[in-house]
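The values are calculated or read from the model by the stated rules, or taken from the named source; none is laboratory data. Being a predicted model, the structure only gives us computed values, none of them experimental. Neighbour counts run over all protein chains shown; Cβ positions are idealised from the backbone, glycine included.
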Amino acid sequence: MIEFPNLGIHLSDVENHITVFGFDIAYYGMIIGAAILAGIFIAAAEAKCTGQNPEDYFDFAIYAVIFSIIGARIYYVAFSWDMYKDDWKSILNLREGGLAIYGGVIAAVITAFIYAKIKKMSPALIFDTGGLGLVAGQAIGRWGNFFNREAFGEYTDSLFAMRLPLNAVRSSDVTELMKEHMETVDGVSCIQVHPTFLYESLWCLFILGLLLAYRRYKKFNGEVFLLYLMGYGFGRFWIEALRTDQLLIPGTKLPVSRVLAGTLVILSALLILICRKRIAVKAPDCTEK
């Protein structure tokens, strides 16, 4: 059961997998796969529109996808080590979730630099082109969290409040406030939470629309990607504050994704301002006498 009571949405039987020939296939993996494919084709379409060779991006995607998944998993495991230190085999089990987008982005950026050097391409142009596919993929991929009943926030009774059975979520994600407001629906104990996966999915769609509208006005290669980092980081900073499954910097109570998001917002904004100012100085208004 997954419900949005204040919207009047009641889904009584939401599975997290399908079974094919006796083998369970998680919706999480299927959605991540769909997100990757969508991102690749959007990047290839943008490459064609900007006079680049789309095949370069199909080739790049092979490496970027592999290393991004590895990076996303390493990032998640590194900041959730207590969950895996006694069962190393579980590190390889991606079917239950456990991918951190910032780890994937970091790995993709490193891969792009190496690929650009080998292919003698502009890494900044790769970032601008691939960034559109990346944010589109994030908007789709977040729905994997919906089927896994994860990546939600604290208790709320707001318009978008989501109700989940207590026995369908990880106990570590359940707070005292949720327990205080627990309800019983058809004999099942339920918690009511912020659907932060939904907030982030909608925010990513907004960022995608912004980038598509802005890209024709960019002044330098890399500006669109910097705008993505700034926009996504801004949204992630406040959305992450709602979540109850935050990854913390070891030895502190600081959520690593909030720290990273805030840092990227500031650095991206500064880089855009600095680069635009330098371009303005090098290319003064030709109407001046």
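Could you tell me whether Arg149 is of a type outside the set (A, V, I, L, M, F, W, C), touching a residue at least 60 places away in the same chain (Cβ under 8 Å) and at positive phi?
Working: of a type outside the set (A, V, I, L, M, F, W, C): yes; touching a residue at least 60 places away in the same chain (Cβ under 8 Å): yes; at positive phi: yes.
Here the answer is yes, as Arg149 does meet what is asked.
So which residues in segment 122-131 are crowded, with 23+ Cβ neighbours inside 10 Å and of a type outside the set (Ser, Thr, Tyr)?
Here is the first cut: in segment 122-131, the ones crowded, with 23+ Cβ neighbours inside 10 Å are 126-131.
Scanning segment 122-131 gives Ile126, Phe127, Asp128, Gly130, Gly131.
I want to confirm something. Restricting to segment 272-289 and keeping residues that are surrounded by fewer than 16 Cβ atoms within 10 Å (Cβ to Cβ) and either of a type in the set (S, T, N, Q) or modelled with pLDDT of 85 or more (or both), which single residue is farthest from Leu226 (Cα to Cα)? Walk me through how you get there before you give the answer.
First pass over segment 272-289, keeping only residues surrounded by fewer than 16 Cβ atoms within 10 Å (Cβ to Cβ): 273-274, 276-289.
When the remaining residues are screened for being either of a type in the set (S, T, N, Q) or modelled with pLDDT of 85 or more (or both), the result is 273-274, 276-279, 287.
On the way: Leu273: 11, Ile274: 12, Arg276: 12, Lys277: 15, Arg278: 16, Ile279: 16, Thr287: 30 Å.
My answer is Thr287.
Pull up segment 72-96, narrow it to residues that are out of contact with any Leu (no Cβ under 9 Å at 6 or more places or on another chain) and closer than 21 Å to Leu37 by Cα, then point me to the one that is surrounded by the fewest Cβ atoms within 10 Å (Cβ to Cβ). Give the derivation first.
The initial filter retains those residues of segment 72-96 that are out of contact with any Leu (no Cβ under 9 Å at 6 or more places or on another chain), namely 74, 77, 81-96.
In the following step, the residues that additionally are closer than 21 Å to Leu37 by Cα were identified as 94-96.
Working: Leu94: 16, Arg95: 14, Glu96: 12.
The extreme case among them is Glu96.
With the structure loaded, tell me whether Glu223 is charged (D, E, K, R), at pLDDT 95 or above and surrounded by 21 or more Cβ atoms within 10 Å (Cβ to Cβ) or whether it fails that test. Before you say what the answer is, go through the steps one by one.
On the way: charged (D, E, K, R): yes; at pLDDT 95 or above: yes; surrounded by 21 or more Cβ atoms within 10 Å (Cβ to Cβ): yes.
Spelling it out, Glu223 is indeed charged (D, E, K, R), at pLDDT 95 or above and surrounded by 21 or more Cβ atoms within 10 Å (Cβ to Cβ).
Scan segment 193-203 and tell me whether some residue there is surrounded by 16 or more Cβ atoms within 10 Å (Cβ to Cβ), closer than 30 Å to Arg278 by Cα and not aliphatic (A, V, I, L, M).
There is no residue in segment 193-203 that is surrounded by 16 or more Cβ atoms within 10 Å (Cβ to Cβ), closer than 30 Å to Arg278 by Cα and not aliphatic (A, V, I, L, M).
Find the residue count for segment 90-123, including only residues that are part of a helix (DSSP H, G or I) and small (Gly, Ala, Ser). Working first, answer last.
We begin by selecting, within segment 90-123, every residue part of a helix (DSSP H, G or I); these are 90-92, 101-119, 123.
From the residues that got through so far, the ones that are small (Gly, Ala, Ser) too are 90, 103-104, 107-108, 112, 116.
So the count comes out to 7.
Considering Ala139, Ala161, which residue is in contact (Cβ under 8 Å) with a residue 24 or more places away in the chain, closer than 17 Å to Leu11 by Cα and either aliphatic (A, V, I, L, M) or buried (at least 20 other Cβ atoms within 10 Å of the Cβ) (or both)? Even if it seems obvious, please write down each step before you answer.
Numbers: Ala139 fails: closer than 17 Å to Leu11 by Cα.
Going through Ala139, Ala161 in turn, the sole match is Ala161.
Quick check on my filter: what residues within segment 5-15 are closer than 16 Å to Pro195 by Cβ and out of contact with any Asp or Glu (no Cβ under 8 Å at 6 or more places or on another chain)? Give the derivation first.
Here is the first cut: in segment 5-15, the ones closer than 16 Å to Pro195 by Cβ are 5-11, 14.
If the condition is that a residue be closer than 16 Å to Pro195 by Cβ and out of contact with any Asp or Glu (no Cβ under 8 Å at 6 or more places or on another chain), then Pro5, Leu7, Gly8, Val14 are the ones that fit.
How many of the residues making up segment 162-175 are part of a helix (DSSP H, G or I) and more than 22 Å from the chain's Cα centre (by Cα)? Let's see the steps before the verdict.
So in segment 162-175, the residues part of a helix (DSSP H, G or I) come out as 166-168, 171-173.
Then drop every residue that is not more than 22 Å from the chain's Cα centre (by Cα), which leaves 166-168, 171.
Of the residues in that region, 4 qualify.
Can you list the helices (runs of 4 or more DSSP H) lying wholly within segment 176-289 that have 3 or more residues being touching a Ser or Thr at 6+ places or on another chain (Cβ under 8 Å) and at negative phi? Spell out how you get there, then give the answer.
Details: elements: 176-180, 196-214, 223-240, 256-282.
Fully inside segment 176-289 and qualifying: 223-240.
Can you pull out every residue in segment 19-37 that is under 14 Å from the mean Cα position of the chain (by Cα) and of a type in the set (Phe, Trp, Tyr)?
Passing the criteria: only Tyr28.
Asp56 passes all but one of (1) crowded, with 16+ Cβ neighbours inside 10 Å; (2) modelled with pLDDT under 95; which number fails?
(2)
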